[in-house]
Amino acid sequence: MRILVVGGGGREHAIVWALSKSEKVKEIYCAPGNAGIAQLAENVPIGVMQFDELVQFAKDAAIDLVFIGPDDPLAAGIVDAFEAARIPVYGPNKAAAEIEGSKIFMKDLLHKYNIPTAKYATFTDYEAAADYLRGQDVPVVIKADGLAAGKGVTVAYTMEEAEKALREAMVDKVFGDAGNQIVIEEFLEGQ
């Protein structure tokens, strides 16, 4: 098999490493890859959000299977692009990736199907969120709704910490558009 792995971080390095152990895998490409991955696969200088270029590369290189690593292209619909081109791809489509791409979507889904989850409230307005926050106990959890490279969640142990996290997400935009909507959630201890 000829395989394309999309991404260039540690997750993709582990995927490439595991794939390289299979006797069925003849060639592995990684876009964009990294120096460590280059020891196991051929790096391809195409960014993870360049869907048209990735699909064309997969066609030109006669790729048998594509693995998608990073969250951002999944949430943006990269799997849908490969499926539309009839190229086998491993990863959730855009609709399914929303459970990772939006904390509000995930929380509302849990609530809708009576799946136990922490008490929460969602906000698009900073002042309304700040007013609600002041009525909560600490510790409290502040989450940027969208993808924030693993940095969009703050467990605040003081009200000052919580207010700072809320302000940074919604006013200072430290997470960009990921902070346009936020979740304020009760803190649950344990696994």
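What to note about this one:
- The one condition in (1) of a type outside the set (S, T, N, Q); (2) open to solvent by less than 60 Å² (accessible area, probe 1.4 Å); (3) closer than 29 Å to Gly69 by Cβ that Ala128 fails to fulfil: (3)
- Scanning the stretch 139-175 for residues that are in contact (Cβ under 8 Å) with a residue 24 or more places away in the chain and part of a helix (DSSP H, G or I) returns Met159, Ala162, Glu163, Leu166, Arg167, Ala169, Met170.
- One residue stands out in the stretch 147-158 among those that are in contact with a helix residue (DSSP H, G or I) (Cβ under 8 Å, 6 or more places away or on another chain) and more than 18 Å from Ile99 (Cβ to Cβ): the one that is surrounded by the fewest Cβ atoms within 10 Å (Cβ to Cβ), namely Thr154.
For (1) under 30 Å from Ala178 (Cα atoms); (2) not in a strand (DSSP E or B), each residue gets a yes or a no:
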residue: Glu23; (1), (2): no, yes
residue: Gly47; (1), (2): yes, yes
residue: Glu53; (1), (2): yes, yes
residue: Val66; (1), (2): yes, no
residue: Leu74; (1), (2): yes, yes
residue: Asp80; (1), (2): yes, yes
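- Selection within the stretch 30-42: residues that are open to solvent by less than 70 Å² (accessible area, probe 1.4 Å) and over 22 Å from the mean Cα position of the chain (by Cα). The member of this set that is nearest to Phe82 (Cα to Cα) is Ala41.
- So Arg86, is it surrounded by fewer than 17 Cβ atoms within 10 Å (Cβ to Cβ), at positive phi and either out of contact with any Asp or Glu (no Cβ under 8 Å at 6 or more places or on another chain) or without any contact (Cβ under 8 Å) to a residue 24 or more places away in the chain (or both): yes
- Only listed residue being farther than 26 Å from Leu147 by Cα, surrounded by fewer than 16 Cβ atoms within 10 Å (Cβ to Cβ), aliphatic (A, V, I, L, M) and within 22 Å of the chain's Cα centre (by Cα), chosen from Ala18, Ala95: Ala18
- Failed item, numbered, when Ala144 is tested on (1) modelled with pLDDT of 95 or more; (2) surrounded by 15 or more Cβ atoms within 10 Å (Cβ to Cβ): (1)
- Residue, farthest from Ala76 (Cα to Cα), within the stretch 4-51, restricted to residues that are basic (Lys, Arg) and in contact (Cβ under 8 Å) with a residue 24 or more places away in the chain: Lys26
- Total residues in the stretch 176-191 satisfying the condition of being part of a loop (DSSP other than H, G, I, E, B) and either farther than 20 Å from Asp71 by Cα or among the β-branched types (Val, Ile, Thr) (or both): the figure is 5.
- In the stretch 52-82, residue surrounded by the most Cβ atoms within 10 Å (Cβ to Cβ) [restricted to those that are among the acidic types (Asp, Glu) and free of Cβ contacts under 8 Å to residues at least 12 places away in the same chain]: Glu53
- Residue match in the stretch 159-172 (condition: out of contact with any strand residue (DSSP E or B) (no Cβ under 7 Å at 6 or more places or on another chain), of a type in the set (A, V, I, L, M, F, W, C), open to solvent by less than 50 Å² (accessible area, probe 1.4 Å) and farther than 30 Å from Met1 by Cβ): yes
- The set of residues in the stretch 173-189 being under 17 Å from the mean Cα position of the chain (by Cα) and open to solvent by less than 40 Å² (accessible area, probe 1.4 Å) consists of Gly176, Ala178, Gly179, Ile182, Val183.
The values are calculated or read from the model by the stated rules, or taken from the named source; none is laboratory data. Worth saying up front: this structure is predicted, and the values here are computed from it rather than measured. Counting neighbours? That spans all protein chains shown, and the Cβs are built from the backbone with ideal geometry, glycine included. Protein only, heavy atoms only, side chains kept; ligands, DNA and RNA dropped before computing areas. Shrake-Rupley method; radii C 1.70, N 1.55, O 1.52, S 1.80 Å.
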